[in-house]
1. How many lysine pairs in the chain, separated by 8 or more positions in sequence or lying on different chains, have Cα atoms less than 12 Å apart?
2. Averaged per residue, what accessible surface does the chain expose to a 1.4 Å probe, in Å²?
3. Positive end of the charge dipole of the stretch 176-282 (Lys, Arg +1 and Asp, Glu -1 on Cβ, about the Cα centre): tell me which of Phe230, Ala277, Gly198 has its Cα farthest that way.
4. Hey, what did the chain get for relative contact order, percent, Cα under 8 Å, at least 6 apart?
5. Quick query: amide H of Arg131 versus all other amide H atoms, modeled in the peptide plane; which residues come in under 5 Å with a sequence gap of 5 or more or a different chain?
6. Pick out which of Arg247, Arg94, Arg180 has the largest mean-square fluctuation in a Gaussian network model of the chain, springs linking Cα atoms closer than 10 Å.
7. Can you tell me the dipole magnitude for the chain around its Cα centre, using point charges on the Cβ only (Lys, Arg +1; Asp, Glu -1), in Debye to the nearest 20?
8. Want the number for Val155 to Lys185: 0.36 nm per residue separation, take away the alpha-carbon distance, what's left?
Amino acid sequence: MSKPAFSFEFFPAKTEQGGQKLLNTYDELNKLAPSYFSVTYGAGGSTRSRTLDIVQTLCARGDTDIAPHMSCIGDDKVEIAGLLDHYKALGIKRLVALRGDLPSGQVGMGELPFALDLVKFIREHSGEHFRIEVAAYPEMHPQARSFEFDVDNLVNKYQAGANAAITQFFYNADSYLYLRDTLEKRGIDTVAQPLIAGIMPITNSSNLIRFADSCGADIPRYVRKRLADFGDDSKSIREFGFEVVYRLCERLMSEGVPAMHFYSMNKVEPNKRLVEALGLSA
């Protein structure tokens, strides 16, 4: 059985100290030989300058591919075209194309209101230069009318030119496998256009619950109960969290997952520990 590929997500640091920590984290995780690092982009481009800065810095710091997130909501085509041209000039070869969240107080959706529109525009503007990854939701996007509607949207993004999809994080492997099987039935070749499993390490119960509640991801009842039982025992939370995520990844690997994308939270541990324990690193 071949090893799945793996990659990491970063978010732009807000402070100089956080920026240095991010670079140190990059240096450590890059030693594991990931396929790429993605860099997030705030609601309505709220972290645009910081995203551009860290993307440019990481491109110059190593040879590993950097995949900037691009959101379209609230932006116009001229702005997005300029960003695409800038990334192409930097040597960027892959993007994560997202709708993004509407910033508080903003009313207009922009010229490209949905990720599907963004995928189409990237292909129209830049042809096949970029490898495009989009978002997928094993447990359904919280704003979707139904699971079928959500799958329709994902299929449309693949058909519009997306090369792969990265899932929202999940802890129920069956939700990922059901989505993958559903895509296959809808005619998507998930070998050629893979469904990448988004993996969120567990290190802090309150942060995890807040993230999950905001994006519609389910935390199994037994996980919530155990985390509550541990209270402020951070060491026990980390050890339990590692076991939960390790077993999830093992199950996914046994089912032939093509790749895993770790939501690193700009930390070396437990991402490094998971990758090494799973035998993914070179």
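The values are calculated or read from the model by the stated rules, or taken from the named source; none is laboratory data. Treat the numbers as computed from the prediction; the structure is a model and nothing was measured. Because the Cβ atoms are built from the backbone with ideal geometry, glycine has one as well, and the counts that use them run over all protein chains shown. All accessible areas refer to the heavy atoms of the entire protein, side chains included, with ligands and DNA or RNA removed. Shrake-Rupley method; radii C 1.70, N 1.55, O 1.52, S 1.80 Å.
1. 4
2. 47
3. In the stretch 176-282, that residue is Phe230.
4. 21 percent.
5. Amide H neighbours of Arg131: Arg94, Leu95.
6. Comparing Arg247, Arg94, Arg180 in a Gaussian network model of the chain, the most mobile one is Arg247.
7. 340
8. Extra length from Val155 to Lys185 when fully extended: 9.7 nm.
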